[in-house]
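Heads up, the thing below is written out as structure tokens.
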Ligand SMILES: *Cc1c(COP(=O)(O)O)cnc(C)c1O
């Protein structure tokens with residue numbers, strides 16, 4: 001295999017076709033739709049119209065590629081994990097490296113695309129919701145680069161838990177608003193962003209962070225993320241000369257999974273596996289597995305219909321995951337539909353399995369994966385040994401693990417790290433006194 005082959009012909013140069021379009025009501029099978037206050041309908045209709053235009057507009061796709069190539073290092077590579085495959089002793093494992101993009105995850109693909117749309121619509125201001133802060137971070141970098149005023153809504157509880165991301169967003173010039181309603185987490189931040197959008201719809205664009213929410217957001221975000229799967233398909237064709245047998249991706253809202261799956265959807269020999277957060281166990285409140293395990297039920301909330309973790313009165317249930325980015329009650333209506341039709345298999349990985357997967361990938365390949373991505377890795381590592389050595393698995397490494405140093409260090413129970421934190425805390429209070 002020549003190095004030049006690995007570079008040329010990998011980027012999808014034409015606007016991709018979108019095989020996952022909803023019906024006229026914005027429904028994918030039994031899921032999706034638009035459930036928002038009347039005042040937001042014109043915004044969503046304008047966005048739907050724009051989405052239809054840009055999908056057939058080579059100049060939009062060229063601008064999008066240009067920005068991602070020159071700002072975010074696309075195409076991201078596919079890495080053959082040779083040592084890891086040998087250690088597990090089954091299928092050959094390949095990794096799609098979204099961890100190498102701007103801000104260290106696939107989220108940049110979505111925010112750059114939506115930033116270009118906001119510019120096209122003549123908007124001056126961007127708003128976004130964020131849970132763990134990763135989407136807020138990606139949006140803040142885009143807003144700084146594109147020259148938008150930017151406000152990010154974040155639950156007060158999350159603002160307290162995710163100080164490093166809040167610090168960077170503010171330094172990047174974004175206003176972070178701590179939302180004090182409800183449980184003071186992601187779903188309350190989404191509600192507040194929707195409220196802002198209804199008041200300021202003239203000059204403001206809402207850059208939603210994943211393939212959820214009212215139509216056309218699920219379709220729009222999934223389409224923008226398809227670049228990941230289209231690249232990976234071309235890369236495997238060059239490296240392996242065939243399609244993989246299975247593709248694994250973690251599922252929070254569902255955007256990185258839909259992104260990579262779109263390279264392979266419709267190829268019957270490829271099994272697509274979405275991996276949810278199995279958390280600490282199967283009891284309500286201990287996990288965020290909406291589909292795998294069957295705990296979730298259909299419902300309508302946050303602007304759309306999907307499978308939610310809720311009680312019999314339709315009240316949302318608390319979720320838990322070691323990975324903040326997977327800790328969400330809903331899931332993309334597109335994935336709910338694909339899994340109900342048997343086109344995507346849903347699985348889950350526990351917090352403990354995830355820590356094991358991180359250790360193994362670091363030791364064998366020198367790659368530090370995000371806690372979220374490690375769910376996909378954990379499920380793949382569980383399945384690989386029972387596959388044949390001439391079979392291949394592709395795993396989407398949706399992000400890098402640097403951001404998770406606090407959580408991972410505590411999972412490893414690292415004493416020198418604890419001493420370091422204590423010392424830093426003392427230094428901090430010391431300088432305040434000075
Ligand atoms: C946010 C995030 C996720 C979860 O979001 P999806 O929309 O399900 O992709 C997964 N991995 C990383 C690294 C993230 O930052």
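The values are calculated or read from the model by the stated rules, or taken from the named source; none is laboratory data. Predicted, not measured: the structure shown is a model, and the values here were computed from it. Heads up, the Cβs are rebuilt from the backbone with ideal geometry, glycines too, and the neighbour counts pull from every protein chain shown.
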Given (1) away from the ligand (no atom under 13 Å from the Cβ); (2) in the same structural domain as residue 392 (by TED's automatic domain parsing); (3) surrounded by 22 or more Cβ atoms within 10 Å (Cβ to Cβ), number of the condition residue 205 does not satisfy: (2)
Any pair with Cβ under 6 angstrom, 6 or more apart, that starts in the range 98-112 at a residue that is farther than 12 Å from residue 137 by Cβ and ends at one that is within 7 Å of the ligand (Cβ to nearest atom): 98/106; 98/398; 99/399; 106/256; 106/398
The range 376-410: number of residues that are within 15 Å of the ligand (Cβ to nearest atom), outside any loop (DSSP other than H, G, I, E, B) and in contact with a helix residue (DSSP H, G or I) (Cβ under 6 Å, 6 or more places away or on another chain): 7
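Just to be sure, is residue 117 touching a residue at least 40 places away in the same chain (Cβ under 8 Å), assigned by TED's automatic domain parsing to the domain that holds residue 34, closer than 29 Å to residue 19 by Cβ and more than 16 Å from the ligand (Cβ to nearest atom)?
Spelling it out, residue 117 is indeed touching a residue at least 40 places away in the same chain (Cβ under 8 Å), assigned by TED's automatic domain parsing to the domain that holds residue 34, closer than 29 Å to residue 19 by Cβ and more than 16 Å from the ligand (Cβ to nearest atom).
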Single residue of the range 346-360 satisfying the filter (within 16 Å of the ligand (Cβ to nearest atom) and out of contact with any helix residue (DSSP H, G or I) (no Cβ under 6 Å at 6 or more places or on another chain)) that is nearest to residue 298 (Cα to Cα): 348
Test for residue 219: is it within 22 Å of residue 25 (Cα to Cα) and not in a loop (DSSP other than H, G, I, E, B): yes
Which listed residue is without any contact (Cβ under 8 Å) to a residue 24 or more places away in the chain, surrounded by fewer than 23 Cβ atoms within 10 Å (Cβ to Cβ), over 19 Å from residue 253 (Cβ atoms) and away from the ligand (no atom under 16 Å from the Cβ), from 70, 50: 70
Among the candidates 228, 212, residue that is within 14 Å of the ligand (Cβ to nearest atom) and part of a loop (DSSP other than H, G, I, E, B): 212
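For (1) outside any loop (DSSP other than H, G, I, E, B); (2) without any contact (Cβ under 8 Å) to a residue 40 or more places away in the chain; (3) surrounded by fewer than 22 Cβ atoms within 10 Å (Cβ to Cβ), each residue gets a yes or a no:
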position: 144; (1), (2), (3): yes, yes, yes
position: 166; (1), (2), (3): yes, yes, no
position: 169; (1), (2), (3): yes, yes, no
position: 191; (1), (2), (3): yes, no, yes
position: 195; (1), (2), (3): yes, yes, yes
position: 224; (1), (2), (3): yes, no, no
Cross-chain or 6+ apart pairs with Cβ under 7 Å, the range 241-265 first and more than 18 Å from residue 279 (Cβ to Cβ), then within 13 Å of the ligand (Cβ to nearest atom) and modelled with pLDDT under 95: none
Condition met for residue 330 (within 21 Å of residue 271 (Cα to Cα) and part of a loop (DSSP other than H, G, I, E, B)): no
Filter result for the condition that a residue is away from the ligand (no atom under 16 Å from the Cβ), over 17 Å from the mean Cα position of the chain (by Cα), part of a loop (DSSP other than H, G, I, E, B) and within 29 Å of residue 40 (Cα to Cα), over 299, 294, 342, 314: 314
